[in-house]
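Notes for the one structure printed next.
The values are calculated or read from the model by the stated rules, or taken from the named source; none is laboratory data. Just so we're clear, the structure is a prediction, and the values are computed from it rather than from any experiment. Backbone-built Cβ (ideal geometry, glycine too); neighbour counts: all protein chains shown.
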Amino acid sequence: MLGYYDHGSPRILDEDTSEILDPNDFQTKLRIYEREVKEWFLKPAKNILELSSFNNSFVVIMICMSYIEGVEQYICGKSSRNNSRVFFFNSIKRLFQNQFSDVEMQSLYSKTRCGLFHNGMVKGGVLFNNTDLSAALEIYESGEDIRINPRLLLGVIENDFEEYLVKLKSTIENSNKINNIYRINFEKVFDVLGEAKEAGISYD
């Protein structure tokens, strides 16, 4: 996707199809978002896992942690800036159907999300295993023992993203109130982050 201005109006060239797209159109926004998440993050993560190296697990987990908080912004229609813990908790609750307590999620947040993004490394008590763990995420001893299967966790996230896309795409032909809130919230965040990119503003 290549953005440019045509006589003062924003346009986007889809380099895969040579189509000229209107960035103000909802379907274009959705097309951009889907391609960004899949092509920049999920597909590369899956390709990395195919190399079957333990060292690659760290990169895959970092991609997963980024998705967990990021998608929640679009679902809620708000930026997680200065409130990332709440967004992370809400996303984990949704992804794992309230399986974990607040204490366990706090440990997961601190040891994985914050550890990776602030220190470049997970904190003690986090175990990665692509083959022997039967669940994507297991938390024991109030979060002192966290076990992650990167392959299964990525699968959970891929499924979640596909389900979210279905909800967004259903708003194109379905105007009921429940579906519309997904579209409204998505556009709120998409537009705000788009403006921030143009202004050179980053969000933590």
If you take the residues of region 113-125 that are crowded, with 17+ Cβ neighbours inside 10 Å and closer than 15 Å to residue 55 by Cβ, which of them is farthest from the chain's Cα centre (by Cα)?
122
Restricting region 59-96 to residues that are among the charged types (D, E, K, R) and more than 21 Å from residue 184 (Cα to Cα), the residue that is modelled with the lowest pLDDT:
85
Here is a list of conditions, (1) outside any helix (DSSP H, G or I); (2) free of Cβ contacts under 8 Å to residues at least 40 places away in the same chain, and residue 115 meets all of them except one; can you say which number that is?
(1)
Can you say whether residue 56 is at pLDDT below 85, among the polar types (S, T, N, Q) and in contact with a helix residue (DSSP H, G or I) (Cβ under 6 Å, 6 or more places away or on another chain), as far as the supplied structure shows?
yes
Only one of (1) of a type in the set (Ser, Thr, Tyr); (2) more than 21 Å from residue 42 (Cα to Cα); (3) surrounded by 12 or more Cβ atoms within 10 Å (Cβ to Cβ) does not apply to residue 164, and that is (2)
Anything in region 67-93 that is assigned to a helix (DSSP H, G or I) and without any contact (Cβ under 8 Å) to a residue 40 or more places away in the chain? List them, or say none.
70, 72, 85, 86, 87, 88, 89, 90, 91, 92, 93
Restricting attention to region 14-55, which residues are surrounded by 15 or more Cβ atoms within 10 Å (Cβ to Cβ) and free of Cβ contacts under 8 Å to residues at least 24 places away in the same chain?
14, 21, 28, 31, 48
